[in-house]
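The values are calculated or read from the model by the stated rules, or taken from the named source; none is laboratory data. Since we're looking at a predicted model, the values are computed, not measured. Here the Cβ positions follow ideal geometry from the backbone for every residue, glycine too, while neighbour counts run over all protein chains shown. Accessible surface areas use protein heavy atoms only, side chains included; no ligands, DNA or RNA. Shrake-Rupley method; radii C 1.70, N 1.55, O 1.52, S 1.80 Å.
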Amino acid sequence: MKVKSTAVLFCMVLALLAPTSHAAGFTDVNDGSVMQNAVTTLASLNVLQGYGDDTFQPEKTVSRAEFAVMTVRLLSVEAAGFSGSASYSDVDASHWSHGYINMATQLGIINGFEDGSYRPNDPVTYAQALKMTVNLLGYEPYALRKGGFPQGYLVTASELNLLKNVQYTPEEEVTRGTMAVILF
């Protein structure tokens, strides 16, 4: 947990120092908003990436695999080569995010479903994204004491100000722009 906290603190300090200009080069994120600052900063830290056409596509939904990759990258952990044992029945070694999903599982950031699957291509909901983020920050025990999933995680996320500038419904799918604000 100390390693997670130190890494997250390091990323937060870098976020304060990162330029807020259109440095990431995304043509569709340039309105001077909180989201632009979050996207630009996280892109400069290689936590998230855009598309080949210089867009970020902030309204596109985020998959569970993409969110797992972003959380591991936020810790500045290289997981692309991490193999470990197969964590989920539907994420084999050839899946593009296999190493990241295994690393996020090993770090206690994510978990799958009761049937042994992770469902990497499914869109991540706000409740799931907030659970992963709360776990990333090391507050899972606190969230469990507050009631577990989903309510305890939502309360904890709110208390940690992860929901500042975010309007959500727990079952709703997270967009790339909102995900950047939450992680920022």
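Candidates in the range 34-61 are the residues that are under 23 Å from residue 125 (Cβ atoms) and among the aliphatic types (A, V, I, L, M); of these, the one that is surrounded by the fewest Cβ atoms within 10 Å (Cβ to Cβ) is 34.
Return the residues of the range 85-108 that are among the hydroxyl-bearing types (Ser, Thr, Tyr) and open to solvent by 30 Å² or more (accessible area, probe 1.4 Å); say none if nothing qualifies.
First pass over the range 85-108, keeping only residues among the hydroxyl-bearing types (Ser, Thr, Tyr): 85, 87-89, 94, 97, 100, 105.
Within the range 85-108, 85, 87, 89, 94, 105 qualify.
Taken over the range 170-184, the criterion of being within 25 Å of residue 28 (Cα to Cα) and assigned to a loop (DSSP other than H, G, I, E, B) is satisfied by 172, 174, 184. Applying the condition of being aromatic (Phe, Trp, Tyr) and part of a loop (DSSP other than H, G, I, E, B) to the range 46-79 and asking which residue is nearest to the chain's Cα centre (by Cα) yields 56. With a requirement of 3 or more residues that are polar (S, T, N, Q), the helices (runs of 4 or more DSSP H) lying completely within the range 89-164 that satisfy it span 98-106, 126-136, 151-159.
Comparison of 161, 165, 121 shows that the only residue that is touching a residue at least 60 places away in the same chain (Cβ under 8 Å) and surrounded by fewer than 22 Cβ atoms within 10 Å (Cβ to Cβ) is 165. Screening 152, 147, 99, 108 for residues that are at pLDDT below 95, farther than 21 Å from residue 38 by Cβ, in contact with a helix residue (DSSP H, G or I) (Cβ under 8 Å, 6 or more places away or on another chain) and not polar (S, T, N, Q) leaves exactly one candidate, 108.
Here residue 138 clears all of (1) closer than 29 Å to residue 51 by Cβ; (2) touching a residue at least 60 places away in the same chain (Cβ under 8 Å) except the condition numbered (1). Condition test on residue 128, is it out of contact with any Phe, Trp or Tyr (no Cβ under 7 Å at 6 or more places or on another chain) and surrounded by 21 or more Cβ atoms within 10 Å (Cβ to Cβ)? When the stated conditions are applied, residue 128 passes them.
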